[in-house]
Amino acid sequence: MAEPQQDMRDEPAGENKQGPNPPLPTDPELVLKVRIQSPKENDFIEVELNRQELSYQNLLQVSCCELGINPDQVEKIRKLPNTLLRKDKDILRLRDLQEVELILMKTGSSQLIEYTPSLIEKPCYNSNAAKMTY
C-alpha cells in the first residue's frame, strides 16, 4: 500500500496533469438532455449534436426536430437551472448530458404545448435506433 502513496508524491505539489479544465471529449457527438418548458410535462429526451458543427442554430434545429416543434416558436433556450444560451460560444461550453430547456413564445392558444406528436409522426424518427437493444 505504500506504493500508491509514493506515486502521488512523485507529482509536484500544485501541479495537476489535467490542468484547470478537464480533457476535451473524444466522442464525435455531444449528447444533451432537452425538453420543452411545460408545467405538465417534465421529461427530457436525449439529442446528439455533431461536435464539429456545434452552434446555436444547430442546437435549435436538432432539438426542434426531435421535439416536433417549429424553431420559430422558440423564444429562448435555457441551460438548467437558470442560464440563458444566447450565442455559439455558450453552446461550445456545454458538456455531455447537460439539461437544456426550450421556452416557447406565449400565444393566445395553449394548443401547441398540449399536443406532443408520437415518435412515428416525427420526420426525424429513426426506426432503426428504436429497434436496437442494449
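Here, each number is a calculation from the coordinates, and none is a lab measurement. Bear in mind the structure is a predicted one, so any value in this text is a computation, not a measurement. Glycine also receives a Cβ, built like all others from the backbone with ideal geometry; neighbour counts cover every protein chain displayed.
Using θ = phi - 60° in the Karplus curve 6.51 cos²θ - 1.76 cosθ + 1.60, the 3J(HN,Hα) couplings for the range 83-98 round to 10, 6, 9, 10, 8, 4, 4, 5, 5, 5, 7, 5, 10, 3, 6, 6 Hz; x is entered for Gly and Pro.
Between ARG51 and ASN82, the FRET efficiency estimated from the beta carbon spacing at R0 = 22 angstrom works out to 0.30.
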